[in-house]
Amino acid sequence: MGRVGRTLLASVVFGCFAAYWLTSFDAYSVFRGDDRLLPSRAPDGAKGKTLFAAGGCVSCHASPDSTDRLHLGGGKPLVTPFGIFYPPNISPDPDDGIGRWTGVQFIRALREGTAPDRHPYYPAFPYPSYRGMSPDDAADLFAFIRTLPPVKGKAPDHELTFPYSVRRGLVLWKLAFLNGTVLHRDPNRSTLWNRGYYLVEAVGHCAECHSPRNLAGAIVQDKRFSGGPDIDGKGAAPNITPDQTGLAGWSEAAIASYLKDGFTPDFDSAGGAMAEVIRNTAELSDADRLAIATYLKSLTPIQGQSRVR
Amino acid sequence: MNANRLLLALSLTAVVTVAFASTESIGDRQRIMKANGAATKPVVAMLKGEAPFDLATVQKSLADYQTGIATFVTLFPDDSKSGAKTAASPKIWDDTAGFKAAADKFASDAKTAASAITDEASFKAAMPTVLKNCGSCHETWRVKDAQ
């Protein structure tokens, strides 16, 4: 074998190792890992309750056969272009839920998309948004979830199409699309705006439905909030930037009121996937709903698709 | 008129009639829903304390809901699944019984409230149950798409 041949072989071998290592479960934490995962104070379950409502955990994790929305047994199918996800049991049950988890394991799941056994989660679990929560807030959320009733039974395995069925690929996805930083307040803006920024971007994951996505399933950032695709056959999420094709005609008070009772300014009533979101935002305080509205109205208007009224 | 032309004319008439029939029921059902919106506006203002309680207005809205929804469910012929900017979910035709049950529940909740509401306190207690029907029916049976 000539010199060139050897160099080529060496780089192919190296390339394979690099690709293998890059998709190994540790790669994300080596590059982006946050060693400030530890909370700085004792958890506050009451704050956790608000975050739980704003985060809409119930929408995906509630047991579909239970009338009590706080039974987090999981298993309600989430239909996506990549296949069907069955969100797991996150009740405090020690065997089937997350009852044996430590606080740090929970924080790492929520903020880094990494399981206690270090496998990466699918971003159908909206950790790309939740990563904006501080470890303190994530610990508050965990404290609240631990007060809920334990539920027996595991959710079925996801039914995903190839190549999405390969979890290893997610490590690359995370390296490419997951910004691991906590959301920082903007000192030039009001307290109300900052609260809204946090609730919309980190906790409420509103962008996850209200934005278009690229082929890898990641949000197209310069079109963020300008309207998203049909999710789960439940209709397209409209433009929520203050553009004519979006919320230009809505006052802050009108948006806040919609997030409480679902009525639009023309007294249409929210439907599709938003009806469930409003069940969650209805549990927030008036001040928090106004904060969300204030933040949405401060977004740069982006032209989106106009829609059936 | 030769046979070909006759055929053409006939089929054109058929096409126009079908298009017209479905557009008409879509328009009719959307008008009923718009009226629901209009009937709901003063009621919500009262619930929020932005307008004084007025029993006659509340009773009129409750009566309008009941007559409106009775006609509404008859306006879903097979040829009105799409077109004319309808936001009706195709599920309405897949599970007509389920859809009718949602409509019946709305009508019966409105009826129960109409007899229960005599003053502001009973209004505040009974009205939210009726209004929950708007969102819960839209959650399952209506899909707004981007155009």
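Some notes on this structure:
- Criterion: of a type in the set (A, V, I, L, M), surrounded by 14 or more Cβ atoms within 10 Å (Cβ to Cβ) and assigned to a loop (DSSP other than H, G, I, E, B) - qualifying residue of A:L199, A:L247, A:L192, A:L175: A:L247
- Set A:I107, A:I90, A:I98: member being out of contact with any Asp or Glu (no Cβ under 8 Å at 6 or more places or on another chain), over 17 Å from A:C60 (Cβ atoms) and open to solvent by less than 30 Å² (accessible area, probe 1.4 Å): A:I107
- Members of the stretch A:42-70 that are open to solvent by 50 Å² or more (accessible area, probe 1.4 Å) and of a type outside the set (V, I, T): A:A42, A:P43, A:D44, A:A46, A:K47, A:K49, A:P64, A:D65, A:D68, A:R69, A:L70
- The residue that is farthest from A:P150 (Cα to Cα), among those in the stretch A:89-124 that are part of a loop (DSSP other than H, G, I, E, B), under 15 Å from the mean Cα position of the chain (by Cα) and touching a residue at least 60 places away in the same chain (Cβ under 8 Å), is A:P123.
- Apart from one condition, A:C209 fits all of (1) touching a strand residue (DSSP E or B) at 6+ places or on another chain (Cβ under 7 Å); (2) open to solvent by less than 50 Å² (accessible area, probe 1.4 Å); the exception is (1).
- Top-ranked residue in the stretch A:280-309 [being within 12 Å of another protein chain (Cβ to nearest Cβ) and farther than 14 Å from A:L51 by Cα; ranked as modelled with the highest pLDDT]: A:D286
- Scanning the stretch B:81-97 for residues that are surrounded by 13 or more Cβ atoms within 10 Å (Cβ to Cβ) and either assigned to a helix (DSSP H, G or I) or among the β-branched types (V, I, T) (or both) yields a total of 4.
- Test: residue in the stretch A:19-37 that is modelled with pLDDT of 95 or more, in contact with a strand residue (DSSP E or B) (Cβ under 7 Å, 6 or more places away or on another chain) and not small (G, A, S): no
- When each of B:T74, B:T140 is tested for being of a type in the set (S, T, N, Q) and closer than 30 Å to A:S211 by Cα, the lone residue that passes is B:T140.
- Every condition in (1) more than 29 Å from A:P238 (Cα to Cα); (2) within 14 Å of chain A (Cβ to nearest Cβ); (3) open to solvent by less than 40 Å² (accessible area, probe 1.4 Å); (4) in a helix (DSSP H, G or I) holds for B:A110 except the one numbered (2).
- Check on B:K111, touching a residue at least 40 places away in the same chain (Cβ under 8 Å), within 17 Å of A:G271 (Cβ to Cβ) and of a type in the set (K, R): no
- Test: residue in the stretch B:59-79 that is more than 11 Å from chain A (Cβ to nearest Cβ), at pLDDT below 95 and part of a helix (DSSP H, G or I): yes
The values are calculated or read from the model by the stated rules, or taken from the named source; none is laboratory data. If you're wondering where the values come from, they're calculated on a predicted model, not measured in any experiment. Here Cβ is always computed from backbone atoms with ideal geometry, including for glycine, and neighbour counts include all displayed protein chains. The protein model used for the area step is the full one, side chains on, heavy atoms only, and it has no ligands, DNA or RNA in it. Shrake-Rupley method; radii C 1.70, N 1.55, O 1.52, S 1.80 Å.
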